[in-house]
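Just below is one structure, and these are the notes that go with it.
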Amino acid sequence: MTAQWAPESFSAEVHPSAPYAAARRRELAARFAGRTLIIPTGNFKVRANDTDYRFRAGTDFYYLTGCEEPDAVLVITASDDADVVETLYIPARRDARTHEFFTDARYGELWVGARRGVEESRTFFGLDTAPLEQLGKDLVGRDDTNVLTLRTLDPAVDSLFDPNELDGELGRALSEMRLVKDSFEVEQLRVAIAHTVRGFEDVVRALPEAEGRGERVIEGVFNLRARVEGNDVGYDTIAASGAHATTLHWVHNNGVVRRGDLLLLDAGVECHNLYTADVTRTLPIDGRFSPVQRRVYELVLAAQRAGIEAVAPGAPFIAAHEAAMKVLAQGLFEWGILREPPERALRRDRQLHRRYTLHGTSHMLGLDVHDCARARDELYYLGELREGYVLTVEPGLYFQSNDLSVPEEYRGIGVRIEDDVLVTATGCEVLSAALPRGADEVEAWMSALWALGPARLGL
Ligand SMILES: [Mn+2]
């Protein structure tokens, strides 16, 4: 069985992120001089029986390697004298010269296709490699107190060393390093956003088709673009028509799509290098905002513009949220929905506007849609923005169908507008500016897309 197979060619290709990943590993090593750092990517997750979910690399591991191989482990030994040893432990190939080629449905290449393995990975990732089986042996004798493990990703790796009280520092440092995007990362985010813009255009062109067939058409059309242009969606697509828009994480997407309603579409393509966009538009399904829809839309847009204006290097992270909430609270007060003026309603001990605004305005964006989640508060939520940060600005207003505190005409309307913003040296750049935001611009954009005829998906 394992004989008489033609030799395979060896690719000399190098991963486009290799030089950036090398610089990141050096920075991480410099932060942990004298330590051994163990960073696993994680394992397959079982869906049922012998069927797994599609594997997606662990974010921190991927950030440091560019490698998408399941079970792989990066070990960095940062000696005190600045001498750094880095090894990528990677599963060996199960090609036709091995029995697993035929017998192992999870790793055998007959089943899952060719992989790079130990040799080719060395070139592709620009990193020393070793077979995964060697990991335990190579680490024997290391002093527990000097070994930090990125935990909860891989139980086998977690069991190699007793927990170290400093383990948490490793994940924190990686989240904090990832706050500032390097030029490769910004470029990848631009790619993910460009694909996302096309996905939104696809959805608009497919809206007539979705009417009568439901939100799944919208999800399916967007996700097709995500799979064709990128790796996948970066998170489950929220295709919320009508009152579903007031449910923040509406991912059932099993509702009907009706003329006269709004569609809230919160969706992002994850590009091939795993950076994701995170964009929301709220669109009139028949192409025209009704007067009350437009009133709500324009208040949210004014809040978003105020939020984006507050994004600049040195500005507090929370400034965009505070600016947006001030606009929303003022508008709600003028409409008689908030009974007290913004200065009082927004007080920390009141926060009455939150019944309608529901969530924070910004989060970091990158390899994860909610990126850098383990950064310390003083560097993130309570910190200041710095050049190279990428964050969302996404205020919303949500009037539940059964909310008797709002006039009836508002009930069942949910509007969110979300863009992805890069902090520059002097201010900020809206990376998703190609997608129209003004109510008139949205209507004109939809009608221009419909003039092109039914979606052919441009494939
Ligand atoms: Mn978001």
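Every read-out reported here was derived from the displayed coordinates using simple, explicitly stated rules and does not represent laboratory data. The structure presented is a predicted model; accordingly, all values stated were derived computationally and were not measured. Glycine also receives a Cβ, built like all others from the backbone with ideal geometry; neighbour counts cover every protein chain displayed.
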Legend entry - Contact order relative to length of the stretch 340-451, as percent, for alpha carbon pairs under 8 angstrom and 6 or more apart: 20 percent
Legend entry - ³J(HN,Hα) computed for each position of the stretch 293-305 - Karplus, 6.51 cos²θ - 1.76 cosθ + 1.60, integer Hz, glycine/proline x: 4, 5, 4, 5, 4, 6, 5, 5, 5, 4, 5, 5, 4
Inset, instruction - For the chain, build the convex hull from the C-alpha positions and give me its volume per residue in Å³. - result: 176 Å³
Legend entry - Cα centroid separation, the stretch 14-79 to the stretch 278-349 (Å): 39 Å
Inset, instruction - Using a Förster distance of 30 angstrom, determine the FRET efficiency expected from the C-beta separation of Leu248 and Ala30, and round it to 0.05. - result: 0.15
Inset, instruction - Measure nothing fancy, just the Cα-based angle from helix 167-177's long axis to the longest principal axis of the chain, in degrees from 0 to 90, nearest 10. - result: 60 degrees
Legend entry - Segments 62-68, 321-327 sorted - mean Cβ within 10 Å per residue, highest first: 62-68, 321-327
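Starting from the Cα gyration tensor of the stretch 407-459, multiply each eigenvalue by 5, take the square root, and state the resulting semi-axes largest first in whole Å.
Values for the stretch 407-459, descending: 26, 23, 10 Å.
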Legend entry - Cα principal axis extents for the stretch 183-451, largest first, Å: 49, 46, 30
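Under unit Cβ charges (Lys, Arg +1; Asp, Glu -1), what dipole magnitude, rounded to 20 debye, does the chain have relative to its Cα centre?
Roughly 1280 debye, rounded to the nearest 20.
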Inset, instruction - Evaluate the relative contact order of the chain (contact order divided by residue number), counting alpha-carbon pairs under 8 angstrom at least 6 apart; express in whole percent. - result: 13 percent
Legend entry - Between helix 215-229 and the chain: long-axis angle, C-alpha atoms, 0 to 90°, nearest 10: 40 degrees
Inset, instruction - Let me have the relative contact order for the stretch 19-68, percent, based on Cα pairs under 8 Å that are six or more residues apart. - result: 40 percent
Legend entry - Overall dimensions of the stretch 232-312 by Cα: Rg and Dmax, Å: 14.3, 42
Legend entry - Quarter of the Cα convex hull surface for the stretch 339-412, i.e. its orientation-mean projected area (nm²): 7.1 nm²
Legend entry - Rg/Rh ratio calculated on Cα atoms of the stretch 18-177 (Kirkwood radius): 0.97
Inset, instruction - Kindly rank 405-411, 202-208, 154-160 from highest to lowest mean number of other beta carbons found within 10 Å of each residue. - result: 202-208, 154-160, 405-411
Legend entry - Degrees, to the nearest 10: 319-334 long Cα axis against longest axis of the chain: 20 degrees
Legend entry - log10 of Debye I(q)/I(0), alpha-carbon scatterers only, for the stretch 229-380 at 0.09 Å⁻¹: -0.35
Inset, instruction - Tell me what the chain gives for mean residue ellipticity at 222 nm when only DSSP H runs of n ≥ 4 count, each as -39,500 (n - 2.57), the sum divided by the residue total, rounded to 500 deg cm²/dmol. - result: -10000 deg cm²/dmol
Legend entry - Cα lying deepest toward the dipole's positive end in the stretch 321-419, options Pro407, Gly331, Gly383, charges on Cβ: Pro407
Inset, instruction - Largest first and to the nearest Å, give the Cα extent of the stretch 325-459 along each principal axis. - result: 51, 42, 26
Inset, instruction - Note the full-extension length gain between Asn49 and Tyr381 as 0.36 nm times their separation in residues minus their Cα-Cα distance, in nm to one decimal. - result: 115.4 nm
Inset, instruction - Using every Cα-Cα pair within the stretch 61-107, state what percent have a distance larger than 12 Å. - result: 69 percent
